[in-house]
């Protein structure tokens with residue numbers, strides 16, 4: 001136990017540095033040079049790196065288990081495969097994937113600068129902009145659903161808003177890919193954002209309607225400014241209580257957040273179409289109009305013409321009265 | 001892989017509870033190695049004991065823990081081992097007059113090989129501040145001991161393999177004060193290529209990681225605790 005060396009008294013700064021470098025990925029032998037950590041999740045860390053061959057910044061996602069861990073490696077492979085399959089403006093493009101010299105699975109993707117929706121949602125953001133973001137998310141998820149892919153962990157912190165307003169859906173590590181077996185009894189997702197069937201341990205057979213539930217939960221969070229409760233009944237009650245919000249928007253969220261998945265939108269495309277109708281001021285499928293509402297909406301749409309006609313009639317009445 | 005858990009480690013708690021003294025002693029040794037210094041530092045800082053008293057108290061505590069089989073009471077479902085140990089130290093320190101009398105009577109074995117001189121030297125290099133959170137203080141000193149042992153083992157491995165240049169890189173870049181030193185600067189200073197710096201540092205960090213995990217494993221009584229500590233201290237997921 002006796003030793004004498006210059007470093008024996010490790011300073012607090014050295015302890016912090018050692019803790020941070022202990023898990024740095026070994027990029028020797030690759031064309032990438034590590035720059036800094038830019039994100040950390042439960043199972044993986046994302047670093048900014050430099051691609052020495054192409055001379056550009058990239059992001060490298062590396063498993064948190066040096067030497068490899070079967071479940072984490074499988075997640076990384078799944079995520080890389082999904083990103084490669086989904087060539088869409090709403091999905092970060094993947095450039096490379098493999099195993100590092102220290103045994104960790106990794107993949108390289110475009111380095112995107114932006115803000116997480118979770119952070120943005122807490123800031124001042126116009127209501128229409130919030131709905132626009134969700135509509136963009138629905139477009140991306142509609143593309144994924146068309147390829148048979150279910151994300152299974154959509155939430156505000158898994159969405160990045162880029163510098164030009166682009167909406168990127170990220171963290172596809174627990175996505176379900178067609179042809180791959182589901183996990184029996186597994187609970188995959190985040191409380192408040194996962195569908196009741198996922199919370200009940202049936203993540204293995206969660207289909208695109210589970211993502212629809214999560215999109216509804218994100219809409220709830222964007223409208224209400226807080227994470228939705230984990231119990232679907234409490235979510236519906238919370239929506240019903242917010243009478244200050246547009247009725248048609250509440251209806252869209254309510255339909256997406258239905259406990260019975262058969263009552264939800266069948267996929268993200270259908271939900272996105274309803275959001276587009278809301279933004280255009282048209283009736284939404286989630287809530288058919290009654291005749292009074294239809295009349296009021298028509299009157300509003302033709303308000304200029306109706307105003308001119310009424311003014312003309314008023315003028316005729318005044319002229320007739322003056323004449324005699 | 002480094003995260004795999006040797007079957008014998010699963011029985012550390014069981015071996016601590018063994019009725020066979022030799023078996024208990026074997027299990028106790030690595031724990032002394034891992035915890036004597038944080039205990040000593042904790043007694044110096046938190047309890048304000050002078051160096052000599054803290055040395056006696058550390059010796060007496062460890063001997064009593066073994067003889068009286070205090071560690072058998074550890075319940076993994078209630079707390080982490082280091083928290084349990086720190087609580088034992090607090091209780092012991094509160095009753096240290098009694099312990100001192102026992103020592104004077106010649107009671108209590110002494111554990112050889114505890115390098116109090118070095119420990120005291122390390123303490124002299126930094127202020128003896130008593131943080132509000134005593135559990136955090138003990139944890140911090142425990143991590144310091146864990147990392148110090150691991151770094152020393154990396155140095156010994158490098159020396160044995162004739163690769164002290166690799167350790168010099170590690171020492172310069174990762175153990176020294178924070179600096180803006182780039183890999184290119186380091187390469188120029190040490191007469192290496194940037195590629196050699198990159199691979200040398202990666203190898204040294206890999207060695208450090210392996211040693212730190214092995215030492216952490218030795219200091220945890222259950223696999224769940226090891227997994228949880230590895231995640232919190234090193235950001236590493238182990239199976």
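The values are calculated or read from the model by the stated rules, or taken from the named source; none is laboratory data. None of the values given here were measured: they were computed from a predicted structure. No Cβ is skipped: glycine too gets one built from the backbone with ideal geometry, and neighbour counts run over all protein chains shown.
For region A:39-55, the candidate set comprises residues that are touching a residue at least 40 places away in the same chain (Cβ under 8 Å) and more than 10 Å from chain B (Cβ to nearest Cβ); within that set, the residue that is surrounded by the most Cβ atoms within 10 Å (Cβ to Cβ) is A:49. Would you mind finding the one in A:59, A:65 that is touching a residue at least 24 places away in the same chain (Cβ under 8 Å), closer than 18 Å to residue B:203 by Cα and buried (at least 18 other Cβ atoms within 10 Å of the Cβ)? It is A:65.
Looking across region A:141-165, the residues that are under 28 Å from residue A:281 (Cβ atoms) and crowded, with 22+ Cβ neighbours inside 10 Å come down to A:141, A:145, A:154, A:159. Within the set A:2, A:33, the sole residue that is surrounded by fewer than 18 Cβ atoms within 10 Å (Cβ to Cβ), modelled with pLDDT of 80 or more, at the interface with chain B (Cβ under 10 Å from one of its Cβ atoms) and over 22 Å from residue B:233 (Cα atoms) turns out to be A:33.
When each of B:79, B:65 is tested for being more than 15 Å from the chain's Cα centre (by Cα), at pLDDT below 90, outside any helix (DSSP H, G or I) and surrounded by 15 or more Cβ atoms within 10 Å (Cβ to Cβ), the lone residue that passes is B:79. Restricting A:288, A:229 to residues that are surrounded by fewer than 17 Cβ atoms within 10 Å (Cβ to Cβ) and in contact with a helix residue (DSSP H, G or I) (Cβ under 8 Å, 6 or more places away or on another chain) narrows the list to A:229. Is region B:134-143 home to any residue that is at pLDDT 90 or above, facing chain A (nearest Cβ under 10 Å) and under 23 Å from residue B:216 (Cα atoms)? Taking every residue of region B:134-143 in turn, at least one turns out to be at pLDDT 90 or above, facing chain A (nearest Cβ under 10 Å) and under 23 Å from residue B:216 (Cα atoms). When A:251, A:217 are checked against the criterion of being assigned by TED's automatic domain parsing to the domain that holds residue A:134, part of a helix (DSSP H, G or I) and under 22 Å from residue A:189 (Cα atoms), A:217 stands alone in meeting it. Residue count for region B:219-239 satisfying the condition of being without any contact (Cβ under 8 Å) to a residue 24 or more places away in the chain and either on the phi > 0 side of the Ramachandran plot or in contact with a helix residue (DSSP H, G or I) (Cβ under 6 Å, 6 or more places away or on another chain) (or both): 1. Within region B:182-202, the set of residues being in contact (Cβ under 8 Å) with a residue 24 or more places away in the chain and crowded, with 20+ Cβ neighbours inside 10 Å comprises B:197, B:200, B:201. Being part of a loop (DSSP other than H, G, I, E, B), within 14 Å of chain B (Cβ to nearest Cβ) and in contact with a helix residue (DSSP H, G or I) (Cβ under 9 Å, 6 or more places away or on another chain) is the filter here, so list the residues in region A:92-102 that pass it. If the condition is that a residue be part of a loop (DSSP other than H, G, I, E, B), within 14 Å of chain B (Cβ to nearest Cβ) and in contact with a helix residue (DSSP H, G or I) (Cβ under 9 Å, 6 or more places away or on another chain), then A:101, A:102 are the ones that fit.
The condition of being out of contact with any helix residue (DSSP H, G or I) (no Cβ under 8 Å at 6 or more places or on another chain), outside any loop (DSSP other than H, G, I, E, B) and modelled with pLDDT under 85 holds for only one of A:204, A:179, that being A:204. The residues listed here are B:189, B:174; of these, the one that is more than 17 Å from the chain's Cα centre (by Cα) and facing another protein chain (nearest Cβ under 10 Å) is B:174.
Looking across region B:197-213, the residues that are touching a helix residue (DSSP H, G or I) at 6+ places or on another chain (Cβ under 8 Å) and modelled with pLDDT of 85 or more come down to B:197, B:200, B:201, B:203, B:204, B:205, B:207, B:208, B:209, B:211, B:212, B:213. Taking the criterion of being surrounded by fewer than 22 Cβ atoms within 10 Å (Cβ to Cβ), part of a helix (DSSP H, G or I), over 17 Å from the mean Cα position of the chain (by Cα) and at the interface with chain A (Cβ under 8 Å from one of its Cβ atoms), the only residue of region B:204-238 that qualifies is B:206.
Is it true that residue B:52 is in a helix (DSSP H, G or I), surrounded by fewer than 17 Cβ atoms within 10 Å (Cβ to Cβ), in contact (Cβ under 8 Å) with a residue 24 or more places away in the chain and on the phi < 0 side of the Ramachandran plot?
Considered against the rule, which asks whether it is in a helix (DSSP H, G or I), surrounded by fewer than 17 Cβ atoms within 10 Å (Cβ to Cβ), in contact (Cβ under 8 Å) with a residue 24 or more places away in the chain and on the phi < 0 side of the Ramachandran plot, residue B:52 comes out as no.
Of the residues making up region A:68-91, those that are crowded, with 20+ Cβ neighbours inside 10 Å and not in a helix (DSSP H, G or I) are A:69, A:86, A:90, A:91.
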